[in-house]
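Encoded as structure tokens, the structure appears first; notes follow it.
Just so you know, all these numbers are worked out from the coordinates, no wet-lab data involved. Everything quoted here is computed from the prediction, not taken from an experiment. Backbone-built Cβ (ideal geometry, glycine too); neighbour counts: all protein chains shown.
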Amino acid sequence: MTGEVLAIKDLSCDFLTVEGIVYAVGGVNLSIRRGEIHGLVGESGCGKSVSSRAIMGLLDKKHSRVRGQAWFDGKDLLALDEKELRAIRGRRISMIFQDPQNSLSPLERAGKQIEEAMANHFALPRKELRRRTAILLERVGLHRDTARQYPFELSGGMQQRVMIAQAISCDPELLIADEPTTAIDVTIQAQVLNLLKTLRQELSLSVLLITHNFAVVAETCDRVSVMYAGHIVETASARDLIKNAVHPYSKALIDCIPRGRSGAGMEPLPVIPGFPPRLYDPPPGCPFAPRCNRAGPACHTLPAGVDRGNGHWVACHYPLPAGKEGR
């Protein structure tokens, strides 16, 4: 894995709402290396999905303001007009959404929807579109006859596989998977994640995997960035971060993972006290400080990121010692 397929610089995104301006994303810096699966993890509402939609140009421009840069193949995606973005979106960068039932049209057969994704970028005869669709369905583990079925005739896992087939239909370089396992059961989740890993190898894909589940990160990702209240607070290899998380929020998330212990003497799962900040009225300085047991006077200012070596980056005034044991 060499070089970067996507480099996000100082990405910020605000929304105008009835409650005021919501500062959803604030100064995100994130790079996706070629050939890696990079996890973006955090609580619901922390800005993960907003960040991905911002770089894809999928936010309502009337009620949102996006600033920063998102460099892809020498082009800043945030500076492109809609016509230029459409040439990249779906062709070179594809996206899988978290709820396939609402993302697939209920009025069109599954195969037709995959064909349309290719027809938007390639001038191919209908027969060739059907042939490629059959191959794509088999590649994601479905029978080619699935092309004739409507989404409501498919299970949640099958719908998600149709979405993946649609996303890879134009041989993209980068695949953004936004909570791809949220709406399906645990057994099918594992199959979908294994499919993503297989496709990464077969198609030389880079993948940005958005999730709130550290177990998914541990099983799937090469590197991971932890996001809180619109800010990236820690980035490292998945193995290093799970073993040596140094940001208090990252460590608290990992400590909340059930360890499989049972019996009368089982300790209760720890919880992170308090609630995430209201993003239309964010606290000054570090957004995690009101919930952090290590907060000090310096936390009234936003911490700058520090490179701790070996690609381990953290934004915290009072980081934990590396390798500190959990509960």
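Highest-first packing order for the peptide set 13-21, 171-179, 309-317 is 171-179, 309-317, 13-21, based on the mean count of other beta carbon atoms within 10 Å. Distance between Cα centroids, region 120-134 to region 157-215: provide it in whole Å. Here the answer is 22 Å between Cα centres. Taking amide H as placed 1.01 Å from N in the peptide plane, the amide H of Ser225 sits under 5 Å from that of Gly39, Leu40, Val41, each at least 5 places away or on another chain.
Just need the relative contact order of region 35-108 here, percent rounded to a whole number, with Cα pairs under 8 Å and 6+ apart. Relative contact order, region 35-108: 18 percent. Evaluated on region 29-176, the Kirkwood hydrodynamic radius is 16.6 Å, with distances taken between all distinct Cα atoms. Rounded to the nearest 20, the Cβ-based charge dipole of the chain about its Cα centre (Lys and Arg +1, Asp and Glu -1) stands at 380 debye.
Here the calculated FRET efficiency for Leu320 and Ala190, from their Cβ-Cβ distance with R0 = 25 Å, stands at 0.20, rounded to the nearest 0.05.
Hey, any idea what Rg/Rh is for region 22-100, computing Rh the Kirkwood way over Cα pairs?
Working: Rg = 12.9 Å, Rh = 13.9 Å.
That ratio equals 0.93.
For the residue pairs Lys61/Lys243; Lys197/Lys243; Lys9/Lys197, alpha carbon separations beyond 30 Å are given by Lys61/Lys243. Our summary gives the chain a relative contact order of 20 percent, counting only alpha carbon pairs under 8 angstrom and 6 or more residues apart. Placing R0 at 45 angstrom, the Cβ-Cβ distance between Val271 and Lys127 gives a FRET efficiency of 0.20 after rounding to 0.05. Extension gain for Gln201-Asp73 works out to 44.0 nm (0.36 nm per residue, less the C-alpha to C-alpha distance). Here the simple spin-label model places points 7 Å from the Cα toward Cβ, and for Asp281 and His143 these points are separated by 5.8 nm. Derived scalar couplings between HN and Hα for region 64-76 equal 9, 10, 10, 10, x, 9, 9, 8, 9, 6, x, 10, 8 Hz in order, rounded to whole Hz, by the Karplus curve 6.51 cos²θ - 1.76 cosθ + 1.60 (θ = phi - 60°), x for Gly and Pro.
Calculate, for Asp307 and Glu219, the FRET efficiency according to 1/(1 + (r/R0)^6) with r their C-beta to C-beta distance and R0 25 Å; round to the nearest 0.05.
0.40
Taken along the Cα-to-beta-carbon direction at a fixed 7 Å, the label points for Tyr150 and Gln101 span 1.6 nm. Around the amide H of Ile176, modelled in the peptide plane, lie the amide H atoms of Ser94, Met95, Ile96, Leu208, all under 5 Å away and 5 or more residues distant in sequence or on another chain.
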